[in-house]
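> The structure is given below, and queries will be raised subsequently.
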Amino acid sequence: MSEVNSVLPTLTAKDFSTDQEVRWCPGCGDYSILAQVQKVMPTIGVPKENIVIISGIGCSSRFPYYMNTYGMHSIHGRATAIASGLKATRPELSVWIVTGDGDSLSIGGNHTIHLLRRNFDVNVLLFNNQIYGLTKGQYSPTSEENKITKSTPLGSIDHPFNPLALAMGADASFIARSMDRDPKHLQQMLTRSHQHKGASFLEIYQNCNIFNDGAFEIFTEKGSKLNETLFLEQGKPLIFGANQNKGIKLDGLKPVVVELGENASTDDLWIHDERDFYKAQILIRMFDDPRIEGHFPRPFGVFYEADRACYEDALNMQIEEAVAKKGSGNLDKLLRGSEVWEIA
Amino acid sequence: MERKEALLQDVVIKFAGDSGDGMQLTGLQFTNNTALLGIDLATFPDFPAEIRAPQGTLPGVSGYQIRFSSDRVYTPGDLCDVLVAMNAAALKANLKSLKPAGKIIVNIDGFDAKNLRLANYADGVNPLEDGSLDSYEVIKIDVTKMTRESLKEFTDLGMKEKDRAKNMFVLGFLYWMYNRSLDNTITFLTEKFGKKETILQSNIKVLQAGFNYGDTTETFTTRYRVEKAKLPPGSYRSIMGNQSLAYGLIAASEKSGLPLFLGTYPITPASDILHELSKHKNFGIRTFQAEDEIAGITSAIGAAYGGSLGVTTTSGPGMALKGEAMGLAVMLEIPLLIVDIQRGGPSTGLPTKTEQSDLLQAYYGRNGECPMPVISASTPSDCFSAVYEAVRIAVQHMTPVIFLSDGYIANGAEPWKFPQSSDLAPIEVKFKTELGFDEEKFMPYLRDEKLVRPWAVPGTPGLEHRIGGIEKQNITGNVSYDPENHQLMVKIRQEKVDKIADYIPEQKLDSGAEKGKVLVLGWGSTYGAIKSAAMELQEEGYAVSHAHLRYIRPFPKNLGDILRNFDHVLIPEINNGQLVKIIRDQYLIDAKGYNKIMGIPITKTELVTEIKKYFTE
């Protein structure tokens, strides 16, 4: 790492901003995410020219225009598939996919799951605002049931996705959640996403102050945040609450909220292990509607990380093996084939 | 007994049987055997969409037609001289394509009560017995019985496995009939079944049994021979359309120095390109079987963005799905090749049948003003050089290119005088690697004299830039909603594609005089039929000429002049009239169509009749 740093020019967040005017609505959560990404980029030890940001369509997908790296603002839902082709052919690049809940879970849902199962070494930043912002306020595949929107005046009858459960179902090798309103945590999660070798799936709760203002208020605002969120740390017990007085313990396969010092002690608590495949699934399912009495706090942090072979590595290894076995391709031999006749 | 040997000039054989009878393999083996003797040939495989349609039924009939000749051949023949019918359905489905007094070789075991019923013959009717075939020469063989008989020592093979070798008996018999050696098929079987000794030996045994049957049975008194064709001197091999296309892509990758990336989703009749390319990873080829058609093209866009030769292959339904992504490639102005092996449409249509009905889709089928070059192949071996050209245009003009072939070309085989790699013109590719001395900032949409923008790939220091599907500001490539800029960019993108006409060869006539009464203008797989019809009529003194297009968008610059040298322009197509619309639109001439939309090729005979109409009015 130190060696890399010594040859890289020292860059700052400013070096990653462009001359393009940022055009999100004033107050949009995207501003914070952009700022954190710009802060993290100079620290990851990758030359600027080797960073590529690919987005689909939606408010968040304007992102590449504001990053002074290589970038492509592509078409709706397909950033993941474009990134797959790029990473397959240029494995040395650091590829970041910026997408929204409509882009990656609705129109591009198919590509998202296939990217995750193939485990390309790329980073998916899912800006989840639980609404369609760019088309002005229809419900999204992560909107809660009964939501009144422009397209659902009587309330949405769609059941929402749990994005992390979907990622887990697709065998993602890195699954994490953060939020726009917690810059430090977001920076940590961005760094972790980069460090993970394999497809990193980072869901970022992002406030759309125009069409879905306050969707995550309960998790992000001072008054409720401590009681409603659970920040995961590797090897640490699951503790939350205004006075760090609550915890989660496992009763068999069932998580239970306990009061520390009353019905439980720290020793009883679930110790977070990002490498635990089975516990990760329970953690990811702690996803209930915070309006319901007796709900769980919403976890943030790294839920799961696994080491799994990356698609591009296997692909390139097959090429190397084919060359080792048959020798580099010989065009004349190929064109000639095995059955030739001569005409004089 | 005295055996005669007869010399023939031109023979058409159709192998027909149940789709599980191995007729495609039999046909292909006979084809390779024929090709190796230097005999010219053309083939037409015709199979059902179902992998195993109900056994014995008419929809389950699979056919493979081969025409071979000591003369040049350009079509697989309108009617056949010999029909091999493995069952009643195969006979019923193909009898109409047999010449008067033609030969029928039947497997009589395929004409039992059940097979006759499945083939929809009326109760008690058996064409082998009711005299309805009296005008033909019928050779009855109990192929099933003799196959089993010759395998009676193979005790560890079940009846079903034994019966699977039936096609080898027929092939062996035809090899005897046409004076052939069994060698290439034995080599083929050894490669295919080398590890399964019993299967290998049983197949060889049955193949030899078929051959010996012809040799020892006294009924057959004549063997036939077709001499080498008078092809231009050189080294030849047999090639199929999709294989030739795959080779063209590999050659273009080698000659451009761009690693080949194929992003694709399996679809009939294009999948064989994926199969072929995935065999040649030692050329540095990356094949990616994507999750759907859209990921097929968009992954190829990602690869092209990174500096690879990005290719996607598909057929009509996939083309429809790829439309939006093609528009993105047009906006990004990056090289990309979209290969469409056309089949009968719309919707799922006729997946295994041929059609030329995606031309208008290729030309216009995208949102917005979205011009893309369109290149087509006319024969199986032509796919090689045509796709090579398509790649050249894509990378030298920084544009997505659509390449049109069809099911008939894709699965057809013909002799190919293959080139040496040194004969292939190099494909020069320029990447932008740094800022010029007078440049302060990289301008991704600054153009050269061809109106082509620079290709700067990620990883290049100092050229970081953003591109995307939103309208670009001229030169800077920044997002722009400016009305004048949009009009300018639409015009530039059109002009860029039009300008390609300056960098392609002029159109030539395939045959006939420069001026005359009728010009038959074709594109794609109608080549052989038009060529044969035109040449026949020219010999009879008709003022008919033939031009065949490879470059469909833009057209060669001199095409208008050629068209105006004729009183009539006739455009035969396997669609409801598509090229004819474009020609009428662009050249304001009263071109006429001849359209057949049956999922099968146009025949020479029907074209001759059609063309003659223009001389009797």
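The values are calculated or read from the model by the stated rules, or taken from the named source; none is laboratory data. None of these values were measured; they are calculated from a predicted model. Counting neighbours? That spans all protein chains shown, and the Cβs are built from the backbone with ideal geometry, glycine included.
Residues checked against (1) surrounded by 23 or more Cβ atoms within 10 Å (Cβ to Cβ); (2) small (Gly, Ala, Ser); (3) over 17 Å from B:ASN167 (Cβ atoms):
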{"residue": "B:MET86", "(1), (2), (3)": "yes, no, no"}
{"residue": "B:ALA90", "(1), (2), (3)": "yes, yes, no"}
{"residue": "B:LEU95", "(1), (2), (3)": "no, no, yes"}
{"residue": "B:LEU98", "(1), (2), (3)": "no, no, yes"}
{"residue": "B:LYS103", "(1), (2), (3)": "no, no, yes"}
{"residue": "B:ASN115", "(1), (2), (3)": "yes, no, no"}
{"residue": "B:ALA122", "(1), (2), (3)": "no, yes, yes"}
{"residue": "B:VAL125", "(1), (2), (3)": "no, no, yes"}
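> Which count do you get for residues in the range B:286-310 that are under 15 Å from B:LYS322 (Cβ atoms) and either of a type in the set (S, T, N, Q) or outside the structural domain of B:GLY323 (by TED's automatic domain parsing) (or both)?
Counting residues in the range B:286-310 that are under 15 Å from B:LYS322 (Cβ atoms) and either of a type in the set (S, T, N, Q) or outside the structural domain of B:GLY323 (by TED's automatic domain parsing) (or both) gives 2.
> Counting only residues that are touching a Gly at 6+ places or on another chain (Cβ under 9 Å) and within 7 Å of another protein chain (Cβ to nearest Cβ), which one in the range A:59-77 is surrounded by the most Cβ atoms within 10 Å (Cβ to Cβ)?
Step by step, filter the range A:59-77, then rank; the result is A:SER74.
> Of A:LEU190, A:LEU186, A:LEU116, A:LEU134, which residue is within 14 Å of chain B (Cβ to nearest Cβ), over 26 Å from A:ALA314 (Cβ atoms) and in contact (Cβ under 8 Å) with a residue 60 or more places away in the chain?
From the options A:LEU190, A:LEU186, A:LEU116, A:LEU134, the qualifying one is A:LEU134.
> Looking only at the range A:240-266, filter to residues that are closer than 21 Å to A:TYR278 by Cβ and of a type outside the set (A, V, I, L, M); which one of those is surrounded by the fewest Cβ atoms within 10 Å (Cβ to Cβ)?
Only one residue fits best here, namely A:GLY252.
Residues are listed down the side, and each one gets a yes or a no for (1) under 30 Å from A:ARG192 (Cβ atoms); (2) among the aliphatic types (A, V, I, L, M):
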site: A:HIS295; (1), (2): yes, no
site: A:ALA306; (1), (2): yes, yes
site: A:GLU321; (1), (2): no, no
site: A:SER338; (1), (2): no, no
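> Continuing with this model, one more query. Pull up the range A:322-344, narrow it to residues that are facing another protein chain (nearest Cβ under 7 Å) and part of a helix (DSSP H, G or I), then point me to the one that is nearest to B:GLN420 (Cα to Cα).
A:ASP332
> When you look at B:GLU439, is it modelled with pLDDT of 95 or more, away from every other protein chain (no Cβ under 14 Å) and assigned to a loop (DSSP other than H, G, I, E, B), yes or no?
no
> Go through the range B:446-491 and give me each residue that's part of a helix (DSSP H, G or I) and buried (at least 19 other Cβ atoms within 10 Å of the Cβ).
B:MET489
> Among the residues of the range B:410-426, which ones are within 13 Å of another protein chain (Cβ to nearest Cβ), farther than 30 Å from B:ILE66 by Cα and not hydroxyl-bearing (Ser, Thr, Tyr)?
B:ASP423, B:LEU424, B:PRO426
> Could you check the range B:580-600 and list, in sequence order, the residues that are under 17 Å from B:TYR527 (Cα atoms) and either touching a helix residue (DSSP H, G or I) at 6+ places or on another chain (Cβ under 6 Å) or part of a strand (DSSP E or B) (or both)?
B:GLY593, B:TYR594, B:ASN595
> Taking the range B:132-159, which residues are of a type in the set (Asp, Glu), out of contact with any helix residue (DSSP H, G or I) (no Cβ under 7 Å at 6 or more places or on another chain) and part of a loop (DSSP other than H, G, I, E, B)?
B:ASP134, B:GLU153
> What number of residues within the range B:266-275 are surrounded by fewer than 24 Cβ atoms within 10 Å (Cβ to Cβ) and either out of contact with any helix residue (DSSP H, G or I) (no Cβ under 7 Å at 6 or more places or on another chain) or not in a helix (DSSP H, G or I) (or both)?
Residues meeting the conditions: 6.
> Can you tell me which residues in the range A:137-154 are within 19 Å of A:ASP288 (Cα to Cα) and either without any contact (Cβ under 8 Å) to a residue 24 or more places away in the chain or out of contact with any Phe, Trp or Tyr (no Cβ under 6 Å at 6 or more places or on another chain) (or both)?
If the condition is that a residue be within 19 Å of A:ASP288 (Cα to Cα) and either without any contact (Cβ under 8 Å) to a residue 24 or more places away in the chain or out of contact with any Phe, Trp or Tyr (no Cβ under 6 Å at 6 or more places or on another chain) (or both), then A:TYR139, A:SER143, A:GLU144, A:GLU145, A:ASN146, A:LYS147 are the ones that fit.
> Go through the residues of the range A:306-321 one by one and say whether even a single one is within 28 Å of A:ALA215 (Cβ to Cβ), away from chain B (no Cβ under 14 Å), at pLDDT 95 or above and out of contact with any Lys or Arg (no Cβ under 6 Å at 6 or more places or on another chain).
The answer is no; no qualifying residue exists.
> Can you name every residue in the range B:164-181 that is in contact with a helix residue (DSSP H, G or I) (Cβ under 6 Å, 6 or more places away or on another chain) and of a type outside the set (A, V, I, L, M)?
Correct list: B:LYS166, B:ASN167, B:PHE169, B:GLY172, B:PHE173, B:TYR175, B:TRP176, B:ARG180.
> Restricting attention to strands (runs of 3 or more DSSP E) lying wholly within the range B:18-90, give those where 2 or more residues are of a type outside the set (Ser, Thr, Tyr) and free of Cβ contacts under 8 Å to residues at least 60 places away in the same chain.
B:61-69
> Would you point out the residue of the range A:78-113, among those that are among the acidic types (Asp, Glu) and crowded, with 24+ Cβ neighbours inside 10 Å, that is nearest to the other protein chains (Cβ to nearest Cβ)?
Among those residues, the one meeting the criterion is A:ASP103.
> Then there's this: Within the range A:28-58, which residues are within 11 Å of chain B (Cβ to nearest Cβ), out of contact with any Pro (no Cβ under 8 Å at 6 or more places or on another chain) and small (Gly, Ala, Ser)?
Correct list: A:GLY56 only.
> Given the conditions (1) touching a Gly at 6+ places or on another chain (Cβ under 6 Å); (2) more than 30 Å from B:LEU200 (Cβ to Cβ), which single one is not true for B:ALA122?
Checking B:ALA122 against (1) touching a Gly at 6+ places or on another chain (Cβ under 6 Å); (2) more than 30 Å from B:LEU200 (Cβ to Cβ), the one that fails is (1).
> Can you pull out the residues in the range B:177-199 that are over 15 Å from B:LEU25 (Cα atoms) and surrounded by fewer than 20 Cβ atoms within 10 Å (Cβ to Cβ)?
Residues satisfying the conditions are B:ASN179, B:SER181, B:ASP183, B:GLY194, B:LYS195, B:LYS196, B:GLU197, B:THR198, B:ILE199.
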